[in-house]
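The values are calculated or read from the model by the stated rules, or taken from the named source; none is laboratory data. This is a predicted model, so every value here is computed, not measured. Cβ: placed from backbone, ideal geometry, glycine included. Neighbour counts: every protein chain shown.
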Amino acid sequence: MAKRKKIKVNKEEAARRVKEIWPILKKTYPDAKIALEFKDPLELLISTILSAQCTDVRVNMVTKDLFKKYKSAADWADADLKQIEEGIRSTGFFRNKAINIKGACTKIVEQYGGKVPGTIEELVTLPGVGRKTANCVLGDAFGVPGITCDTHVIRLSRRLGLSENSDPVKLEFDLAEIVPKRNWTAFSHLVITHGRNICTARKPNCRECPIAKYCPSANNPDLW
């Protein structure tokens, strides 16, 4: 397989590109939002941990019953680990996820009075919680701007010439410099939605893409 060519990124051009595609994506996906179903920060935290290497559809199927059984951080912290494993088995990597969920909820109970903390510095201290999960919880549960660098955001950022980094943390910081802070959460949802609908991993539909004219990779397989 031929090695993909890299797009050299100029931050000024990248910022201008973001400004150009922003209104188009907003118009194309006016209802773009997180696909995970939740009622509060704790439910979103659990759902996001479960979503690793698993579809949001599957996670929503699993949490529909789980959230009736475990309603607080204390419920998860006191639960038998094997029972948690059985409840989340179909999401994959269930043993590690169960350990992280129980560990995170134990720390939430012991150090944060049973409430999910609302800063990224505190969230990333919880077992199983990295910056991606933390930003997701901040943006969608607390209304604090956060850039969620999932596989779609990583892929599209490369194709659009917004960053040369595929490392989620480095990419997050790159995007934070070119996307206005107030738009961080919404930008993540728009890019993720576009990645699922048009700019797919194996065969992006450049012909139907509303932002193709601003994309340096459009119709260029060497850059996919």
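Take the range 91-120 and flag every residue that is polar (S, T, N, Q) and under 14 Å from Ser47 (Cβ atoms).
Let us first name the residues in the range 91-120 that are polar (S, T, N, Q), namely 91, 96, 100, 106, 111, 119.
Selection gives Thr91, Asn100.
Among the candidates Ala134, Ala186, which residue alone is among the small types (Gly, Ala, Ser), in the same structural domain as Leu50 (by TED's automatic domain parsing), under 15 Å from the mean Cα position of the chain (by Cα) and under 20 Å from Phe38 (Cα atoms)?
Details: Ala186 fails: in the same structural domain as Leu50 (by TED's automatic domain parsing).
Answer to the check: Ala134.
Could you please give the count of residues in the range 26-76 that are hydroxyl-bearing (Ser, Thr, Tyr) and over 18 Å from Gly130 (Cα atoms)? Even if it seems obvious, please write down each step before you answer.
Pass one, the range 26-76, residues hydroxyl-bearing (Ser, Thr, Tyr): 28-29, 47-48, 51, 55, 63, 70, 72.
Now restrict to residues that are over 18 Å from Gly130 (Cα atoms): 28-29, 55, 63, 70, 72.
Total meeting the criteria: 6.
Within the range 148-203, which residues are surrounded by fewer than 21 Cβ atoms within 10 Å (Cβ to Cβ), part of a helix (DSSP H, G or I) and among the polar types (S, T, N, Q)?
Of everything in the range 148-203, those that are surrounded by fewer than 21 Cβ atoms within 10 Å (Cβ to Cβ), part of a helix (DSSP H, G or I) and among the polar types (S, T, N, Q) turn out to be Thr151, Asn183, Thr193, Asn197.
Run down Val144, Val116 and say which single residue is under 17 Å from the mean Cα position of the chain (by Cα), more than 19 Å from Asn60 (Cα to Cα) and in a loop (DSSP other than H, G, I, E, B). Spell out how you get there, then give the answer.
Working: Val116 fails: under 17 Å from the mean Cα position of the chain (by Cα).
Selected residue: Val144, the only one of Val144, Val116 that is under 17 Å from the mean Cα position of the chain (by Cα), more than 19 Å from Asn60 (Cα to Cα) and in a loop (DSSP other than H, G, I, E, B).
Restricting to the range 65-87, count the residues that are polar (S, T, N, Q) and under 26 Å from the mean Cα position of the chain (by Cα). Walk me through it before giving the result.
Within the range 65-87, the subset polar (S, T, N, Q) is 72, 83.
Then keep just the ones that are under 26 Å from the mean Cα position of the chain (by Cα); that gives 72.
Final tally of qualifying residues: 1.
What about Thr133, is it over 30 Å from Glu13 (Cβ atoms), among the β-branched types (Val, Ile, Thr) and surrounded by fewer than 23 Cβ atoms within 10 Å (Cβ to Cβ)?
no
Could you go through the range 69-89 and let me know if any residue there is at pLDDT 95 or above, under 15 Å from Ala52 (Cα atoms) and β-branched (Val, Ile, Thr).
Yes, the range 69-89 contains at least one residue that is at pLDDT 95 or above, under 15 Å from Ala52 (Cα atoms) and β-branched (Val, Ile, Thr).
Would you mention how many residues in the range 175-190 are touching a residue at least 40 places away in the same chain (Cβ under 8 Å) and among the small types (Gly, Ala, Ser)?
2
Just one of the numbered conditions (1) in contact (Cβ under 8 Å) with a residue 40 or more places away in the chain; (2) of a type in the set (D, E, K, R); (3) surrounded by 19 or more Cβ atoms within 10 Å (Cβ to Cβ) is not true of Lys102; which one?
(1)
Within the range 1-102, which helices (runs of 4 or more DSSP H) (wholly inside it) include 2 or more residues that are within 30 Å of Asn219 (Cβ to Cβ) and outside the structural domain of Cys136 (by TED's automatic domain parsing)?
Details: elements: 11-28, 41-50, 56-69, 73-78, 81-88.
By residue number, 11-28.
Here are the criteria: (1) in contact with a Lys or Arg (Cβ under 8 Å, 6 or more places away or on another chain); (2) over 30 Å from Thr106 (Cβ atoms); (3) touching a residue at least 24 places away in the same chain (Cβ under 8 Å). Tell me which single one Pro145 does not satisfy.
(2)
Does Lys82 qualify as being under 19 Å from Glu43 (Cβ atoms) and of a type in the set (D, E, K, R)?
no
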